[in-house]
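To keep things clear, I will list the structure first and then write my remarks on it.
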Amino acid sequence: MSEWLTKFPEGLYLDIKKPIDRAIEYMMNNWGAAFDGISGFLRLILLGVQAAINVIPWWLMVAAVFFAAWAVTRNPLRALMYAAMLFMIGLIGLWNLMYTTLAIIITSVFIALVLGFPLGILISFSARSGRLVRPVLDTMQTMPSFVYLIPAVMLLGLGNVPAVIATVIYAMPPIVRMTNLGIRSVDREVVEASKAFGSTRWQLLVKVLIPQAMPTIMAGINQTIMMAIAMVVTSSMIGARGLGSEVLTGINRLESGRGFAAGIAIVIMAVLIDRLTQGMAGKKVQ
Amino acid sequence: MTHNNTQKTSEPGDIILSVRGLTMMFGRRKQLAAQLLADKKSKEEILRETGVTVAVDNISFDVERGKIHTLIGLSGSGKSTVVRCLNLLLTPTRGKILFEGEDIQAFRAQRLREYRRRHVSMVFQGFGLLSHRNVLDNVAYGLEVRGVQKQHRLDRAMEMIEMVNLKGWEDKSIHDLSGGMRQRVGIARALANDPDILLMDEPFSALDPLVRQDMQFELLSIQEKLNKTVVFITHDINEAFKLGNTVSIMRDGRIIQTDTPEEMTIHPADAYVSEFINSADKAQVYQVRNFMQIPSCLVRLQEGANTALALMRSNNVSSAYVVDNKMNFVGVLPLDAAFQVRAGELPFQEALVKDVATTTRDTQISDLIPIASESRFPIAVLNEDGKFAGIISKAAILTSLK
């Protein structure tokens with residue numbers, strides 16, 4: 001029996017590793033200035049966000065969460081619980097690290113929304129661009145994030161900036177998809193009505209499509225934030241500071257307590273942000 | 001297409017909108033489909049051979065200024081496609097649409113927007129309202145996109161809201177409104193632009209029969225006041241005849257006959273038309289459930305005459321329907337008897353009129369006519385188990401016959 005039936009033929013081999021290596025190398029050597037520019041720009045945003053958060057003293061943050069939760073849930077007890085959970089992060093000694101992580105998340109989410117929202121609108125208007133963008137989004141979501149951490153480090157160096165880029169890549173698909181979905185599912189007669197009254201395309205978009213799609217878009221924003229939080233630990237592997245690096249240290253030193261403490265802080269952050277943004281989204285709907 | 005052999009010598013009207021040879025196909029191979037259509041192939045054959053759906057096939061009609069023109073046909077007959085061509089929500093495959101003699105397909109984008117903003121407005125079957133805005137801002141939408149200053153457009157919108165009898169609801173959310181009220185908003189929105197032509201795509205089809213009657217009446221009175229030209233789409237022959245100065249019957253994308261309702265009744269173009277017209281006697285079709293109401297004045301036995309009087313006064317009616325604790329119908333308390341009870345001249349139980357005509361939900365309206373003509377009060381509608389379900393007024397029975 002011939003071997004090629006039972007085994008994949010050895011002679012058939014397409015080397016895609018070397019071309020990719022060479023492409024990254026080429027980018028490093030020739031587009032260095034561009035990447036330095038991007039890197040500098042992102043660092044600027046990141047520092048700005050960080051500075052803005054650091055101005056907020058711990059007690060003001062706790063109070064803000066309390067009142068925001070009260071406004072959103074209309075339940076003072078639950079608001080008190082949320083505030084206590086946030087206080088807990090400080091209590092276990094992770095307040096400053098939490099602020100660092102929060103700055104990375106806010107920056108990443110901001111960039112993901114700035115890029116993803118218009119992209120979602122674009123593909124909702126054109127089926128062809130949708131066909132182009134969808135496989136890219138699928139790849140962004142399913143490609144193991146470690147894979148693009150490697151070129152990110154090579155091109156941008158270690159630290160918070162490549163972490164932001166990796167987080168943006170991972171967290172952007174939901175806002176693109178949900179914006180697209182939201183706009184496409186606006187009632188056909190509502191769209192027709194808007195056109196029939198002589199709206200321009202811009203008026204149709206800002207007066208009808210976006211407001212009507214808002215509940216779905218808010219759900220997309222919520223998912224984007226959640227995915228950004230999920231990247232915290234992964235991105236610490238390329239030098240992002242904050243709660244993620246604390247977990248990493250815990251792994252390296254086999255300190256379960258350190259790992260769990262940071263893990264709990266991440267969970268608390270996720271729960272608080274999720275409930276608050278979801279509550280706000282829910283309010284919009286009514 | 002006009003059914004000519006009995007046309008009276010009426011004065012040639014002022015034609016505001018003229019449709020000539022309108023054809024609409026959906027699909028890719030339209031050229032080939034047009035070829036087959038010219039060869040008198042049927043729509044099914046064309047669909048099978050080319051994948052093209054012929055929705056509208058070479059139709060022509062004229063709409064006179066200030067008149068209501070109704071297009072009627074079953075679902076799938078192409079009537080909604082036609083009305084969407086009139087403001088170019090859909091672009092016709094072939095044919096011309098002339099607004100005051102101008103070919104609207106020759107309009108550039110800017111001119112087309114002007115046409116839509118000033119000359120033609122549309123009312124939709126599913127209302128097409130913006131659920132994120134309140135009533136007032138919905139009505140002002142057309143003026144807003146036209147760029148009318150805020151105070152002006154809100155004033156104008158308020159006028160329209162009053163015209164459709166929704167005053168007091170302007171700050172409400174669309175979600176708070178019933179179907180009939182929503183369509184009033186739709187109509188007010190269309191009128192706010194002060195268009196020459198109103199396109200109405202089955203505007204009342206989603207409404208209850210009773211509400212539909214109200215809305216038809218209201219449309220007629222608005223039309224009387226504003227003298228708008230209306231192109232009205234419906235699948236209900238009664239509605240078409242009640243509203244239309246002229247009626248076009250559509251079938252499979254073609255107009256079979258265009259005529260006044262009277263002419264059409266006397267001289268139907270073919271068997272299909274006469275069958276359609278014969279279906280108009282809807283008292284045969286409608287049951288009590290479609291027309292019954294909850295009485296505005298319903299009291300429980302133990303509540304007594306004083307409560308009944310207060311309710312009658314606040315609702316401005318002259319009789320109260322009385323039920324016991326288990327919703328079993330007991331009788332009707334007329335206003336004069338209620339006064340006697342209060343004055344102590346009559347015990348409550350004896351004041352009740354108990355031999356009131358009753359009926360059930362699934363009774364045919366036509367069966368009630370003899371009873372209704374003799375009954376002093378609206379007829380009580382009871383469930384199968386004798387529980388009180390509502391009333392049906394004489395007016396409702398009679399209007400259902402129209």
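The values are calculated or read from the model by the stated rules, or taken from the named source; none is laboratory data. Values in this document were obtained by computation on a predicted structure and should not be read as measured data. Using ideal geometry, Cβ is built from the backbone for each residue, glycine included, and neighbour counts are taken over all protein chains shown.
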>> So, B:Gly168, is that one part of a loop (DSSP other than H, G, I, E, B), within 14 Å of another protein chain (Cβ to nearest Cβ) and on the phi > 0 side of the Ramachandran plot or not?
In response: no
> Taking into account only those residues within region A:65-80 that are surrounded by 14 or more Cβ atoms within 10 Å (Cβ to Cβ) and out of contact with any Lys or Arg (no Cβ under 9 Å at 6 or more places or on another chain), which is nearest to A:Met237 (Cα to Cα)?
Replying inline: A:Val65
> Out of region B:132-151, which residues are in contact with a strand residue (DSSP E or B) (Cβ under 8 Å, 6 or more places away or on another chain), farther than 13 Å from B:Leu191 by Cα and facing chain A (nearest Cβ under 7 Å)?
Replying inline: none
> From the list B:Glu202, B:Glu262, which residue is surrounded by fewer than 24 Cβ atoms within 10 Å (Cβ to Cβ) and over 22 Å from B:Arg182 (Cβ atoms)?
Replying inline: B:Glu262
>> Name the single residue that is farthest from the other protein chains (Cβ to nearest Cβ) among those in region B:94-125 being surrounded by fewer than 20 Cβ atoms within 10 Å (Cβ to Cβ) and in a loop (DSSP other than H, G, I, E, B).
In response: B:Gly101
> Is there a residue being part of a helix (DSSP H, G or I), at pLDDT 90 or above, closer than 27 Å to B:Ile391 by Cβ and away from every other protein chain (no Cβ under 13 Å) anywhere in region B:181-194?
Replying inline: yes
> If you go through region A:29-37 one residue at a time, do you hit one that is in a loop (DSSP other than H, G, I, E, B) and surrounded by 11 or more Cβ atoms within 10 Å (Cβ to Cβ)?
Replying inline: yes
>> Could you go through region B:223-239 and let me know if any residue there is touching a Phe, Trp or Tyr at 6+ places or on another chain (Cβ under 8 Å) and either part of a helix (DSSP H, G or I) or more than 30 Å from B:Pro378 (Cβ to Cβ) (or both).
In response: yes
>> Which pairs turn up if I take residues in region A:117-140 that are within 17 Å of A:Tyr170 (Cα to Cα) and look for partners that are of a type in the set (Lys, Arg) with beta carbon separation below 8 Å, at least 6 apart in sequence or on another chain?
In response: A:Gly120/A:Arg177; A:Leu137/A:Arg177
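Results for (1) touching an Asp or Glu at 6+ places or on another chain (Cβ under 9 Å); (2) farther than 30 Å from A:Val72 by Cα; (3) part of a helix (DSSP H, G or I), shown as yes or no for each residue.
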| position | (1), (2), (3) |
| --- | --- |
| A:Ala240 | no, yes, no |
| A:Glu246 | no, yes, yes |
| A:Asn252 | no, yes, yes |
| A:Arg258 | yes, yes, yes |
| A:Ala262 | yes, no, yes |
| A:Ala265 | yes, no, yes |
| A:Ile268 | no, no, yes |
| A:Ile273 | no, no, yes |
> Of the numbered conditions (1) away from every other protein chain (no Cβ under 14 Å); (2) touching a Ser or Thr at 6+ places or on another chain (Cβ under 6 Å), B:Asp201 satisfies every one except a single condition; which is it?
Replying inline: (1)
> Among all residue pairs at least 6 apart or on different chains, which show Cβ distances below 9 Å where the first residue, located in region B:378-402, is farther than 29 Å from B:Lys242 by Cα and modelled with pLDDT of 80 or more and the second is of a type outside the set (S, T, N, Q) and surrounded by fewer than 13 Cβ atoms within 10 Å (Cβ to Cβ)?
Replying inline: B:Lys387/B:Lys326; B:Ala389/B:Ile294
>> Restricting to region B:76-93, count the residues that are part of a loop (DSSP other than H, G, I, E, B) and either more than 11 Å from every other protein chain (Cβ to nearest Cβ) or among the hydrophobic types (A, V, I, L, M, F, W, C) (or both).
In response: 10
> Which residue out of A:Val168, A:Val147, A:Val153 is of a type outside the set (Gly, Ala, Ser), loosely packed, with under 13 Cβ neighbours inside 10 Å and either in a helix (DSSP H, G or I) or in contact with a Pro (Cβ under 6 Å, 6 or more places away or on another chain) (or both)?
Replying inline: A:Val147
>> Among the residues in region A:226-244, are any more than 18 Å from A:Thr107 (Cα to Cα), more than 16 Å from the chain's Cα centre (by Cα) and crowded, with 23+ Cβ neighbours inside 10 Å?
In response: no
> Could you list, in sequence order, the residues of region B:289-322 that are touching a helix residue (DSSP H, G or I) at 6+ places or on another chain (Cβ under 7 Å), crowded, with 16+ Cβ neighbours inside 10 Å, modelled with pLDDT of 80 or more and outside any loop (DSSP other than H, G, I, E, B)?
Replying inline: B:Val299, B:Gly304, B:Ala305, B:Ala308, B:Leu309, B:Met312, B:Ser319, B:Ala320, B:Val322
>> Suppose the filter is under 22 Å from A:Lys195 (Cα atoms), of a type outside the set (S, T, N, Q), more than 13 Å from the chain's Cα centre (by Cα) and within 11 Å of another protein chain (Cβ to nearest Cβ); does B:His175 pass it?
In response: no
> Under the condition of being surrounded by fewer than 21 Cβ atoms within 10 Å (Cβ to Cβ) and within 12 Å of B:Asp194 (Cβ to Cβ), which residue from region B:152-162 is nearest to the other protein chains (Cβ to nearest Cβ)?
Replying inline: B:Arg156
>> Being under 26 Å from A:Ser145 (Cα atoms) and surrounded by fewer than 20 Cβ atoms within 10 Å (Cβ to Cβ): is that true of A:Ile264 here?
In response: yes
> When you go through B:Ala357, B:Ala372 one by one, which is the residue that is of a type in the set (Gly, Ala, Ser) and touching an Asp or Glu at 6+ places or on another chain (Cβ under 9 Å)?
Replying inline: B:Ala357
> What pairs can you find where one residue is in region A:190-202 and more than 7 Å from every other protein chain (Cβ to nearest Cβ), the other is crowded, with 23+ Cβ neighbours inside 10 Å and in a helix (DSSP H, G or I), and their Cβ atoms are less than 6 Å apart, with a gap of 6+ or different chains?
Replying inline: A:Ser194/A:Val208
